[in-house]
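In what follows, a structure is listed as structure tokens, so that the remarks can point back to it.
Coordinate-derived values only; no laboratory data. Because the structure is a prediction, the values reported are computed rather than measured. We place every Cβ from the backbone using ideal geometry, glycine too, and count neighbours over all the protein chains shown.
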Amino acid sequence: MTAMSMSPAEVAHAVDEAMAAEEDRRWALVSHLQFHGGEAALHRATDLSRDTDPEHRRLAADILAQLGTGQGTPARTSPYRTEATTVLLAMAHDDEAPEVLDSVAYAFGHIGDDRCVPALIRLSTHASDQVRHGVVFGLLGWDDPAALTTLIRLTTDTDPEVRNWATFGLARQTDADTPELRAALAARLDDEDEIRYEAISGLALRDDDRAVEPMLQALTAAKNGDSGWDLTEVLHRTAARTGDPRLQHHLPDWPG
């Protein structure tokens, strides 16, 4: 145990307090356990992952998500990453509570172990919007073909937040560029504003001309004060590539 580590008794006390705390205090305790809990927090979270109370299991997943992080150390380089992933995979397989599976999916996103991808894909068809939203977060940044196919499917989800994050994932969290990915982005050009702007960005960053007309519409809306979306990068890129005077007309309003 390092000088920064909590003792098992301190971990137990912090966990007990987190179980009874309001959300803000709960997350403060989770962060403290992730940073200082060490091996004792790993063992306590592992025990909690099998608890009969779903809120206790959710707490376990939240602790494991970034256990061993802090001071610039991401979960992907945590010394507890392998053990945490193993526990979370068991939870993804065995648990049925949506609030637990949501936390597990988010944890997978932080940990970034490729063993998580099949579990996330399986959860992507879950009936709960909450779980599917967690799945999208978990899949962000993966260039695995199956992960990208799942994100493409989730851009058509019934829940707008799921669609938004899936579109964001394809647009700006991967360098992948396939006809299927572009088609998924183009299909969102008639969606709600935030989703549409993600689709415009994703197509523009891939030099796809389907971004031009909706970008012009978005620029006009922004000039009229109807949008707060930042189109600077994609406007300058597309205007330089196409030489379209309609886009170049907007450049003074969007200095790059």
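To the nearest 500 deg cm²/dmol, what mean residue ellipticity at 222 nm is calculated for the chain from DSSP H runs of n ≥ 4 alone, each contributing -39,500 (n - 2.57), summed and divided by the residues? Write out the running numbers ahead of the final one.
Values: 15 runs with 168 residues, N = 256.
Computed mean residue ellipticity for the chain: -20000 deg cm²/dmol.
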*Separation of region 77-128 and region 234-256 by C-alpha centroid, Å?*
42
*GluC sites (Glu not before Pro), restricted to region 133-221: which are DSSP loop and have at most 15 other Cβ atoms within 10 Å?*
E192
*Out of H43, L59, A12, whose Cα points farthest toward the positive end of the dipole of the chain (charges: +1 Lys, Arg; -1 Asp, Glu; placed on Cβ)?*
H43
*Output the relative contact order of the chain, whole-number percent, from Cα pairs under 8 angstrom with separation of 6+ residues.*
9
*May I ask which residue of V234, T125, M91 lies farthest towards the positive end of the charge dipole of the chain, with charges of +1 (Lys, Arg) and -1 (Asp, Glu) on Cβ and the Cα centre as origin?*
V234
_Convex hull volume of the chain per residue (C-alpha atoms, cubic angstrom)_ = 139
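Please rank L67, L181, fewest neighbouring Cβ atoms within 10 Å first, as an exposure proxy. Can you show the working numbers first?
On the way: L67 29, L181 21.
With the fewest neighbours first, L67, L181 line up as L181, L67.
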*By how many degrees, between 0 and 90 and to the nearest 10, does the Cα long axis of helix 232-242 differ from the longest principal axis of the chain?*
40
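Can you give the net charge of the other residues whose Cβ lies under 14 Å from the Cβ of H56, counting K and R as +1 and D and E as -1?
Values: positive: R26, R44, R50, R57, R58; negative: D16, E17, D47, D51, D53, E55, D62, D95, E99.
After counting each charged neighbour, the total is -4.
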*List, in order, the whole-Hz ³J(HN,Hα) value for each residue of region 122-127 obtained from phi through the Karplus relation with A = 6.51, B = -1.76, C = 1.60 and θ = phi - 60°; use x for Gly and Pro.*
5, 6, 5, 9, 4, 5
*For the charge dipole of the chain, defined by +1 on Lys and Arg C-beta atoms and -1 on Asp and Glu C-beta atoms about the Cα centroid, which residue among F108, L247, P79 has the Cα displaced farthest towards the positive pole?*
L247
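Within 14 Å, Cβ to Cβ, of Q66, how many net charges do the neighbouring residues add up to if Lys/Arg are +1 and Asp/Glu are -1?
Value of the local net charge: -1.
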*Quick one: helix 54-65 against the long Cα principal axis of the chain, what's the angle to the nearest 10°, folded into 0 to 90?*
70
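Under Stokes-Einstein, with the Kirkwood radius over Cα pairs standing in for Rh, what whole-number D in µm²/s applies to region 193-242 at 20 °C and 1.002 mPa s?
Values: Rh = 10.6 Å.
Taking Rh from Cα pairs, D becomes 202 µm²/s.
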*If one takes the longest principal axis of the Cα atoms in the chain, at what angle in degrees, from 0 to 90 and to the nearest 10, does the Cα axis of helix 212-223 lie?*
80
